[in-house]
Amino acid sequence: MEKLPAITAKIDLKTDFGTGAKLQRWTIGKPGAEVSGAIYLPKGMVLPTELTIHFLAGSKKHEQMKENIVEDKE
């Protein structure tokens, strides 16, 4: 399994979702980087100013997690 570097998500305090917004935006990487994007979480959720994301693809833990997924049957 290829080991990927840790990527830091930082809260974006500049994004304005408008009056009554119930989301906070966390950015990952920089635009154009190999890995970049954003995570949107409930505004009231208390979190540290930085989150570390670990990619588990191909790991033993990832395989165990996949076994516990329950898919919606609509």
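The values are calculated or read from the model by the stated rules, or taken from the named source; none is laboratory data. Being a predicted model, the structure only gives us computed values, none of them experimental. Cβ placement follows ideal geometry from the backbone for every residue including glycine, while neighbour counts extend to all protein chains displayed. Protein only, heavy atoms only, side chains kept; ligands, DNA and RNA dropped before computing areas. Shrake-Rupley method; radii C 1.70, N 1.55, O 1.52, S 1.80 Å.
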remark   = Listed by first then second residue, the pairs whose first member lies in region 26-50 and is of a type in the set (D, E), whose partner is part of a strand (DSSP E or B) and open to solvent by 70 Å² or more (accessible area, probe 1.4 Å), with beta carbons under 6 Å and at least 6 positions apart or on separate chains, are E50/K10
task = Would you point out which residue out of A21, A57, A33 is at pLDDT below 80, of a type outside the set (S, T, Y), under 17 Å from the mean Cα position of the chain (by Cα) and in a loop (DSSP other than H, G, I, E, B)?
result = A57
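Determine, yes or no, whether I28 is open to solvent by less than 100 Å² (accessible area, probe 1.4 Å), closer than 14 Å to A6 by Cα, modelled with pLDDT of 70 or more and not basic (K, R).
Details: open to solvent by less than 100 Å² (accessible area, probe 1.4 Å): yes; closer than 14 Å to A6 by Cα: yes; modelled with pLDDT of 70 or more: yes; not basic (K, R): yes.
So I28 fits the description; yes.
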